[in-house]
Amino acid sequence: MDNCLFCKIAEGTIPSNKVFEDDTFLVFHDIQPAAPTHVLLIPKKHIANLNDATAEDLDMISKLHKIAQETAVKLGVAESGYRLINNCGPDGGQTVHHIHYHLLGGAHLGALTGISGSHA
């Protein structure tokens, strides 16, 4: 995809601080971290969001979860805990339309509240 930020990062057009890379996946540090450890995990194949993943993509997504486990160990947050987030669609908070996961850790993250502005 010509205008996809993550496709450009995956192809090396835009530089990133890489944690892991192979022919299929890339893990890199978020430029606006929300936690002491905050990396993004992406497949190099462009898939706009989880809803667009086909049955053929499920094995790749499964492998991406294995890379998340390995990344958490590599970054020293596996034992203390981490959060793995996939935002899907506008109400889910997705801003880059290329499937990706945020791995956050390195601090107590607290409960996930769910709805912005909720008083419940």
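The values are calculated or read from the model by the stated rules, or taken from the named source; none is laboratory data. This one's a predicted model, so the numbers in the text were calculated from it and none came from an experiment. Positions of Cβ are backbone-derived with ideal geometry, glycine not excepted, and every protein chain shown enters the neighbour counts.
General observations
- Of residues in the stretch 26-69 being of a type in the set (Val, Ile, Thr) and in contact with a strand residue (DSSP E or B) (Cβ under 9 Å, 6 or more places away or on another chain), the one farthest from His97 (Cα to Cα): Thr37
- Single unsatisfied condition, Phe6 versus (1) touching a residue at least 40 places away in the same chain (Cβ under 8 Å); (2) over 11 Å from the mean Cα position of the chain (by Cα): (2)
- Qualifying residues in the stretch 74-94 (those that are modelled with pLDDT under 95 and either surrounded by 13 or more Cβ atoms within 10 Å (Cβ to Cβ) or not acidic (Asp, Glu) (or both)) - the one farthest from the chain's Cα centre (by Cα): Pro90
- Within the stretch 96-120, residues that are over 22 Å from Lys66 (Cα atoms) and of a type outside the set (Ser, Thr, Tyr) reach partners that are at pLDDT 95 or above and crowded, with 19+ Cβ neighbours inside 10 Å with beta carbons closer than 8 Å, at six or more positions or on different chains, in the pairs Val96/Phe6.
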